[in-house]
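Presented below is the structure to which this report refers.
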Amino acid sequence: MPDPTDDITSPGAEILAVRDGADGWGVITATAPASAYQPSPCARCPWLRDSPVGAFPPEVFRHSARTTYDLATHKFGCHASTPDHLKTCAGFLLRGAAHNLSVRVHGPEVTTAVTSDRPLYDNYREMAIANGVHPDDPSIAPCRDSRAYHDDSPANVTAAPQGLLTLVRATRIIRDYIVASVGTDHGDEMTSQAQMLAGQLAAHGLLAADDVTSHAVATTPTAVIRGFIVDSVGEDTGEDMTEQAEQLRHQLASAGLLADGTYEPIPLTP
């Protein structure tokens, strides 16, 4: 991420979706070639315990809950920013980004650079409930509750970098493959797609961990990759999709990033 003091203008910002949040509010999903983050929560940041509750309707908290799901690739934006000046929320970075893949690939220096001198909710679920979301609402059930990298838990400090390293390496290989396949580099769009696929592989237990030699999983890397390609293209072209998926699986396995070990091609003899 760029320096938070930079005034980033994103003329190439693309609005992907607009969801109605009721009472004149909504949630915008946007992508842009550059972004910034707030160095501290703004005056009425909903992550602050002393901000007035009810300033935003419950529906917007339901829509934005996915930013704190495990291996999420969408970030929680500052409500004061716009698609032309996108900034990630400081409260989110401090209390909701520990398991967000898009934030984690930038390393712990992002969250440790953000501070707050006002009390924050411990996690997204607590904030959403305080703002009217029912505790049993399915939208907040998958939210991860742990804090960001500077959590006091020793287990968090030692465990996060191992999985992060695998995710970062997988993301780079996937991104290079996507760029080579498309024939051009579309910047953040390519990185976002690579992060999403790496996250899906990790969510299925298909990425190798330093202390794991095997996984019992219900699907295969090729199947997950193929499904992702089909969803991205919007149609299934049959064997071509399977071939592309197997090529990428081969590259990931050859780098030792898959849970079933390193792929070694069997030499064929006449």
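The values are calculated or read from the model by the stated rules, or taken from the named source; none is laboratory data. None of the values given here were measured: they were computed from a predicted structure. Here the Cβ is made from the backbone with ideal geometry for all residues, glycine too, and neighbour counts use every protein chain on show. Side chains included, ligands, DNA and RNA excluded: accessible areas come from the protein's heavy atoms. Shrake-Rupley method; radii C 1.70, N 1.55, O 1.52, S 1.80 Å.
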Search the stretch 66-87 for residues that are over 14 Å from SER139 (Cβ atoms) and pair each with any residue that is open to solvent by 60 Å² or more (accessible area, probe 1.4 Å) when their beta-carbon atoms are under 6 Å apart and the residues are at least 6 apart or on different chains. ASP70/ARG144; LEU71/ALA203; THR73/MET196; PRO83/ILE15
Which of the residues that make up the stretch 168-190 are closer than 23 Å to GLN247 by Cβ, modelled with pLDDT under 80 and part of a helix (DSSP H, G or I)? VAL168, GLU189
Please verify whether the stretch 116-134 includes one or more residues that are open to solvent by less than 40 Å² (accessible area, probe 1.4 Å) and either within 30 Å of GLN244 (Cβ to Cβ) or at pLDDT below 80 (or both). no
